[in-house]
There are 2 protein chains.
Amino acid sequence: MTLNVKTPHSSETLENERTKATFSIEEMDRFINGDEFVALREKLLAIMRSEPDIFDQKSNYFMARTEKMEKALKQEKRAIELFREGRLKFEEIPMLFNMLDWHSPYHFARGIPGAIEVQGTKEQAEVFAKPVRNLRALGCYAQTEMGHGSNVQGIETTATFIEETDEFEINSPTLTSTKWWIGSLGVVANFAFVMAQLIIKGKRLGAFPIIVPIRSTEDHQPLPGITVGDIGPKMGFPTMDNGFLRFDKVRVPRFNLLQRFINVSRNGTVTVPSDVNPKIVYSALVSARAHLINDMGIQLAKGVTVATRYTAIRRQFGEPGKFESPVLDYDIVQYRLIPLIAKAYATIGMNHEFDRKYKLTMEDVKRDDFTTLQEMHAITCSLKKWTSDTTVYGIDTCRHLCGGHGYSIFSGLNEFFSSTYQNIIWEGDNFVLAKQTASYLVKSAFAISRKEKADSNDSINIVRKFMNIDPRIALEKLYSWSEMSAEQIANNESVLLDMLGIRLWHLVHKLVVKVYRDGQKWDESSVASQGIATAHSEYIVCLYFGRHINQLPQNSNLRPILLQLLRVTAISGLLRNTGDLFMLPKKAKITENLITGLETEYMKAIKSVRGQAVPLVDALRIPDEKLNSSLGKYDGNVYEDYMKRALDEPLNRKGSGEEIRKRFYKNYIERTLKDGLDQKSSKL
Amino acid sequence: MTLNVKTPHSSETLENERTKATFSIEEMDRFINGDEFVALREKLLAIMRSEPDIFDQKSNYFMARTEKMEKALKQEKRAIELFREGRLKFEEIPMLFNMLDWHSPYHFARGIPGAIEVQGTKEQAEVFAKPVRNLRALGCYAQTEMGHGSNVQGIETTATFIEETDEFEINSPTLTSTKWWIGSLGVVANFAFVMAQLIIKGKRLGAFPIIVPIRSTEDHQPLPGITVGDIGPKMGFPTMDNGFLRFDKVRVPRFNLLQRFINVSRNGTVTVPSDVNPKIVYSALVSARAHLINDMGIQLAKGVTVATRYTAIRRQFGEPGKFESPVLDYDIVQYRLIPLIAKAYATIGMNHEFDRKYKLTMEDVKRDDFTTLQEMHAITCSLKKWTSDTTVYGIDTCRHLCGGHGYSIFSGLNEFFSSTYQNIIWEGDNFVLAKQTASYLVKSAFAISRKEKADSNDSINIVRKFMNIDPRIALEKLYSWSEMSAEQIANNESVLLDMLGIRLWHLVHKLVVKVYRDGQKWDESSVASQGIATAHSEYIVCLYFGRHINQLPQNSNLRPILLQLLRVTAISGLLRNTGDLFMLPKKAKITENLITGLETEYMKAIKSVRGQAVPLVDALRIPDEKLNSSLGKYDGNVYEDYMKRALDEPLNRKGSGEEIRKRFYKNYIERTLKDGLDQKSSKL
């Protein structure tokens, strides 16, 4: 069947787009994704492609949740075989599932050894963590309860020391104390890392972790006193067995209380070891968020890959006598799509610098040096918020961009959205995290204003730059754009970074005044904190992305387009709410003309990227297997694939389809159309 | 089991909130929803409650798509029985499904008679439309194709006149010409209202509608030459059988071409009847959008009902020695939730005025008077965009507000979101519609500036007010806020409306200058059009909502809270992008102080509504049956309901659950944990 009589075939359209590339796809892939990532990706793809019976994901869209979970378990079983054969490392298994674009029910179990090693003694790590590293036991992290999430100290589960038997008694006193949302719990785990209120000799000591066996290692049945199950279907994340867990006075040995930060002796004497700093626990939160940030760019890359390829293919309207125009040629499509391509690159790109700094901090922490941990905490809070917001709503915009077909499951975009969405909520709700970043910046800025000691780092130095200004510094140095045209500003990434920086400083400054001068309660700073955290991220993302680009040789063919993506990202951040710019100090010379000019330059910058859109998403190298999308197919055969998938719908499928349609007709449709008519005609 | 040892029971919490009401819930329900709606709602609820076997929706969350469709068909069959018994009117059946909160696969079939009556002759209406009104035949509206949506003139399906046999031959020449997305087609319809390129004597005449039988009235099998099926799963809308349809040279009599706007004689002579105005077809688009706008407020009401009740119940953190605070007491929760309650009220409230004007326009059109149709078209375009954007992303915010539990299917919010989302895309993509509204406003403003004739109505008069200003009018009359404090402005709904109006005028003015003075192509106005359409909606919504409130007697106890909701809606619109305000003419006296002041007043206004939040959502009267949400239960027993639903998950359910879990353990979990170990131990 001809695809379309009047226009080139959709695969030919993509091929034409690809001829426009001004850079090497291979080089870009290695530069943006990193050599290590590229090598692992290719290794995993080879495994997936060699065993399609286990790893092909095409039929998933028709599966009920139980079937999906079973398929993921089957894949996990195979992954563990490969692990035992030495072909996959423990740390590589999550990346395999990332390529399959869903999670194994074992996913959270794999995070438990790390948590035990941080919170437990060496002996405890040997007993509880090692079997999980060998995948001979499966744990789950049971902290959140039905009634408590953000407020960990409010959890209700108790662990009471029973001196007589040298045990702890774990109990769920209320309905809301039921552990809830716990990943890898509903079906999989045989023990739980339980956060519980420690009660010793009638005294509540706060929430501490304790290891509790929950299912028999013989037959996987719940142990006495344990009630456990799955919490039911969610918006996304179907293969994860998020579970609930209740304890009816369950006893475990005293040894099971993780004792790195607290010791309970045989007679119930509580001591706190002097050789460990509790900030180490804090670093676990930082790690969890760093991993999340790491993944977000890849997730957004999926969305922009589908939307770019499909809007390049999709033709609608156009000039008379010509082929209809690809919708990617329209302003309103470019305006929404190109900044997202830029932000996918910025997120993945900045991540190299972020990860480098994160690893340095983790090394510092291991040496008991906590100097850099505070900024890393502030950065992970705001970047976790920004990357998840940008990715989730970026994917959503990609769905709009695909028009009606974006609403079809076969676009892939609905799965991307639903299974990325939880990143806004978990590992610290984004709206709560914003306050953490703002608090760090506001306190530091106040200290600087009082000439007190304050950190010196990327986040604080930009704030410091605009405070206690040395009168000998010329304003044009401070406000580097004050003598420039909009065009000059828009083409100068260093000046754009200055603008992002001063906007951040000004928002921080306004909150400092409210809190320290006007006496506003910190609790009332939540709304202002959102804007500060976002402005902080926009600054840091551009700063780090720029540093990564600067690794390139000056003559690299990757440089011009990457700098353009950096500029688009920066201007997008500046124009997000232009009111923030108008409120800058007079010396910043923000005028209506300048803003209107920047808006014009923004559109020009966007348009300049149009020709590179398809090569850019190609270079992100998200394989078709991970996209699982008719609209995003690399070869451009989107409509053929779309039709093929539709024919596989259970209502159409040979066999099942005929049976269902016959039943629907006989039982409902025929009766609604004909009932009463027979009676009537029989009366005639 | 105790719910929570330390705090009042969640149902008690809601009861306490309800004692705070400053108005009568009954009166508010009748005023905001309207007496007619309230009466129908109660009638339908009584039917649903008396037949729970058919109408109870609780178990839907565990159903596969085919099961859901079967259940909806069963409900439709019962509805038609009630229709034949005279207990339900044809027009009331969609409202029954609205209360069930999903659609019948017959939904779009019910819209076909209207389309035929507009486009066909009286005789054709008798033959094709009447059987559908009696639910003895089922049609579908087959316009959209795989390759063409917005551009109707680009559709590829052909209807070629065959003079020899006095027939039309319907054909799908390409893959992309396949009719796609057609509601009520995949399983249900036995004929199609097909938009096809009319070809007569080798000449293409454009797209016209033609009636084509597609399934046998005997056994519902596809007729010769017809390929038909379901397009597969979507993001939401699971009970709708959106289908595809292909024609392989299918012949139909000449009579089947709907001939109100075109006549084709026996020998293929084409004539256009002189007594009809083609703008009538245009009015069909207006009607479809008006119905959509009508529904959006109710959809948003579902979201805010769940989020308000649950954030009133959910406690987290708080002052020492007190109960933990309901999260609804926190600024950042109020800031996101209260404006949405206000907008739900504004949308439902303004709808009374909107509907009144819409009906007047439809009466005008019937009398061949098209004067008011243009503004109605502009209004339905921008309101369709604003109400669907506000509702879909409002529901999304409600999901955030419920924290982790918002991500559970049992919150209801995921279904609300997924099955409302399509309203952004269909009946005209929101981004395309914005241009329609902007075009009307820009053209009218230009005409006014040239002292040419222009419409006089709500949309244009506010633009006119600021153009060709009579120098004798004092500025303080024009810029009514110029001598006022932020507090005075924020408490004066008439001044707020003026500000919304001048902002609209200024955005329109800027585009007029670009297009008419600077020669910018209209195609490049898409981005600016988005802001204009939104500003236009914000103005119209507040204007109409205000008019509805003014129907109330001055001493009504509903007035104060409704005016406060109007003010919150208006300020929310003004502060959406404060840069637009800063760019107003100097005479408007927009200063940083004023904006900061308005931000403070906005938060004060939001806080003043906090106490009424639960009574306000109660008065919207969305029944528990429609919410189908653990978190939004009227009686407040949210955690009990949540646990009960989780236990019904297939993985937990008695019988099925044990079987599945045993299989998972034996086939996967046990083998991953123990494989190799046995071998090893046998070697020892």
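Kindly indicate whether A:Arg84 is within 29 Å of the chain's Cα centre (by Cα) and among the charged types (D, E, K, R). Walk me through how you get there before you give the answer.
Details: within 29 Å of the chain's Cα centre (by Cα): no; among the charged types (D, E, K, R): yes.
So A:Arg84 does not fit the description; no.
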Subject >> Failed item, numbered, when A:Glu483 is tested on (1) assigned to a loop (DSSP other than H, G, I, E, B); (2) touching a His at 6+ places or on another chain (Cβ under 8 Å) >> reply: (2)
Subject >> Qualifying positions in the stretch B:629-647 - in contact with a helix residue (DSSP H, G or I) (Cβ under 7 Å, 6 or more places away or on another chain) and of a type outside the set (S, T, N, Q) >> reply: B:Leu631, B:Gly632, B:Lys633, B:Tyr634, B:Asp635, B:Gly636, B:Val638, B:Tyr639, B:Tyr642, B:Arg645
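Which residues, counting only those in the stretch B:263-306, are hydrophobic (A, V, I, L, M, F, W, C) and over 30 Å from B:Arg610 (Cβ atoms)?
Taking the stretch B:263-306 as the starting set, the residues that turn out to be hydrophobic (A, V, I, L, M, F, W, C) are B:264, B:270, B:272, B:276, B:280-281, B:284-286, B:288, B:290, B:292-293, B:296, B:298, B:300-301, B:304, B:306.
Once the filter is applied, which keeps residues that are hydrophobic (A, V, I, L, M, F, W, C) and over 30 Å from B:Arg610 (Cβ atoms), the stretch B:263-306 yields B:Val264, B:Val270, B:Val272, B:Val276, B:Ile280, B:Val281, B:Ala284, B:Leu285, B:Val286, B:Ala288, B:Ala290, B:Leu292.
Within the stretch A:561-617, restricting attention to residues that are small (Gly, Ala, Ser) and more than 27 Å from the chain's Cα centre (by Cα), which residue is farthest from the other protein chains (Cβ to nearest Cβ)? Give the derivation first.
From the stretch A:561-617, those small (Gly, Ala, Ser) are A:570, A:572-573, A:579, A:588, A:597, A:605, A:608, A:611, A:613; that's our starting set.
Keeping just the survivors that are more than 27 Å from the chain's Cα centre (by Cα) gives A:579, A:588, A:597, A:605, A:608, A:611.
Values: A:Gly579: 3, A:Ala588: 12, A:Gly597: 13, A:Ala605: 14, A:Ser608: 15, A:Gly611: 18 Å.
Only one residue fits best here, namely A:Gly611.
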Subject >> helices (runs of 4 or more DSSP H) wholly inside the stretch A:26-143 that include at least 1 residues being closer than 30 Å to A:Asp641 by Cα >> reply: A:35-50, A:52-55, A:65-84, A:93-100
Subject >> Residues of the stretch A:68-82 satisfying the condition of being within 10 Å of chain B (Cβ to nearest Cβ) and either in contact with a Leu (Cβ under 7 Å, 6 or more places away or on another chain) or free of Cβ contacts under 8 Å to residues at least 12 places away in the same chain (or both) >> reply: A:Glu70, A:Gln75, A:Lys77, A:Ala79, A:Ile80, A:Glu81
Original post:
How many residues, within the stretch A:498-527, are crowded, with 22+ Cβ neighbours inside 10 Å and touching a Leu at 6+ places or on another chain (Cβ under 7 Å)?
Top reply: 5
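If I filter the stretch A:1-24 for residues that are buried (at least 19 other Cβ atoms within 10 Å of the Cβ), part of a loop (DSSP other than H, G, I, E, B) and aliphatic (A, V, I, L, M), do I get at least one hit?
The first filter runs over the stretch A:1-24 and keeps only residues buried (at least 19 other Cβ atoms within 10 Å of the Cβ), leaving A:3-4, A:7, A:10, A:13-14, A:17, A:23.
Okay, now just the ones that are also part of a loop (DSSP other than H, G, I, E, B), so A:3-4, A:7, A:23.
From what is left, the residues that are aliphatic (A, V, I, L, M) are A:3.
The answer is yes; a qualifying residue exists.
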Subject >> Cross-chain or 6+ apart pairs with Cβ under 8 Å, the stretch B:622-637 first and free of Cβ contacts under 8 Å to residues at least 12 places away in the same chain, then aromatic (Phe, Trp, Tyr) >> reply: B:Asp624/B:Tyr634
Original post:
Residues in the stretch A:454-472: is at least one assigned to a loop (DSSP other than H, G, I, E, B), touching a residue at least 60 places away in the same chain (Cβ under 8 Å) and within 30 Å of B:Ser418 (Cα to Cα)?
Top reply: no
**OP:** Kindly check whether there is at least one residue in the stretch A:349-360 that is surrounded by fewer than 23 Cβ atoms within 10 Å (Cβ to Cβ), closer than 25 Å to A:Gly34 by Cβ, over 21 Å from the mean Cα position of the chain (by Cα) and not small (Gly, Ala, Ser).
**Re:** yes
**OP:** Check every one of the strands (runs of 3 or more DSSP E) wholly within the stretch A:172-227 and list those with 2 or more residues that are touching a Leu at 6+ places or on another chain (Cβ under 8 Å), buried (at least 19 other Cβ atoms within 10 Å of the Cβ) and among the aliphatic types (A, V, I, L, M).
**Re:** A:191-200, A:203-213
Original post:
If you take the residues of the stretch B:471-497 that are modelled with pLDDT under 95 and under 30 Å from B:Ser525 (Cα atoms), which of them is surrounded by the most Cβ atoms within 10 Å (Cβ to Cβ)?
Top reply: B:Tyr479
**OP:** May I ask you to verify whether A:Leu627 is within 14 Å of chain B (Cβ to nearest Cβ), within 29 Å of A:Val568 (Cα to Cα) and modelled with pLDDT of 95 or more?
**Re:** no
Original post:
Name the pairs: first residue in the stretch B:199-219 and at positive phi, second residue not in a strand (DSSP E or B), Cβ to Cβ under 7 Å, at least 6 apart or on different chains?
Top reply: B:Lys201/B:Gly268; B:Gly206/B:Gln153
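Taking the stretch B:116-162 on its own, how many of its residues are among the aliphatic types (A, V, I, L, M) and within 16 Å of B:Val212 (Cα to Cα)?
Initially, the stretch B:116-162 is screened for residues among the aliphatic types (A, V, I, L, M), giving B:116, B:118, B:125, B:127, B:129, B:132, B:135, B:137-138, B:142, B:146, B:152, B:155, B:159, B:162.
Filter once more, keeping what is within 16 Å of B:Val212 (Cα to Cα): B:116, B:125, B:127, B:129, B:132, B:137-138, B:142, B:159, B:162.
So the count comes out to 10.
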**OP:** Please enumerate the residues belonging to the stretch B:249-275 that are under 19 Å from B:Ala125 (Cβ atoms) and exposed (fewer than 14 other Cβ atoms within 10 Å of the Cβ).
**Re:** B:Pro253, B:Asn263, B:Pro273, B:Asp275
**OP:** Six or more apart or on different chains, Cβ under 7 Å: which pairs go from a residue in the stretch A:302-314 that's under 16 Å from A:Leu100 (Cα atoms) to one that's of a type outside the set (D, E, K, R)? Could you list them?
**Re:** A:Lys302/A:Phe416; A:Lys302/A:Ile622; A:Lys302/A:Leu627; A:Gly303/A:Gly394; A:Gly303/A:Ile395; A:Gly303/A:Cys398; A:Gly303/A:Leu413; A:Gly303/A:Phe416
Original post:
Quick check: anything in the stretch A:277-297 modelled with pLDDT of 95 or more and in contact with a His (Cβ under 8 Å, 6 or more places away or on another chain)?
Top reply: no
**OP:** Would you mention how many residues in the stretch B:412-431 are part of a helix (DSSP H, G or I) and more than 9 Å from chain A (Cβ to nearest Cβ)?
**Re:** 3
**OP:** Could you list all residues from the stretch B:362-384 that are more than 22 Å from B:Asn430 (Cβ to Cβ) and part of a helix (DSSP H, G or I)?
**Re:** B:Met362, B:Glu363, B:Asp364, B:Val365, B:Lys366
Original post:
Of all residues in the stretch A:128-143, which are under 21 Å from A:Val252 (Cα atoms) and either at the interface with chain B (Cβ under 7 Å from one of its Cβ atoms) or in contact (Cβ under 8 Å) with a residue 40 or more places away in the chain (or both)?
Top reply: A:Phe128, A:Arg136, A:Ala137, A:Leu138, A:Gly139, A:Cys140, A:Tyr141, A:Ala142, A:Gln143
Original post:
Which of the residues belonging to the stretch A:631-665 are buried (at least 19 other Cβ atoms within 10 Å of the Cβ) and either more than 10 Å from every other protein chain (Cβ to nearest Cβ) or touching a strand residue (DSSP E or B) at 6+ places or on another chain (Cβ under 6 Å) (or both)?
Top reply: A:Leu631, A:Gly632, A:Lys633, A:Gly636, A:Asp641, A:Glu649, A:Leu651, A:Asn652
Subject >> Residue satisfying condition, being crowded, with 20+ Cβ neighbours inside 10 Å and of a type in the set (S, T, N, Q), within set A:Asn577, A:Asn593, A:Asn628 >> reply: A:Asn628
Original post:
Can you find a residue in the stretch B:59-69 that is surrounded by 16 or more Cβ atoms within 10 Å (Cβ to Cβ), over 24 Å from B:Ile231 (Cα atoms) and modelled with pLDDT of 95 or more?
Top reply: no
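Would you check which residues across the stretch A:83-97 are within 12 Å of chain B (Cβ to nearest Cβ) and surrounded by 15 or more Cβ atoms within 10 Å (Cβ to Cβ) and list them? Walk me through how you get there before you give the answer.
Taking the stretch A:83-97 first, the residues within 12 Å of chain B (Cβ to nearest Cβ) are A:83-85, A:93.
Selection gives A:Phe83, A:Ile93.
The values are calculated or read from the model by the stated rules, or taken from the named source; none is laboratory data. Everything numeric in this text was worked out from a predicted model, so none of it was measured. In this analysis, Cβ positions are derived from the backbone assuming ideal geometry, glycine residues included, and neighbour counts consider all displayed protein chains.
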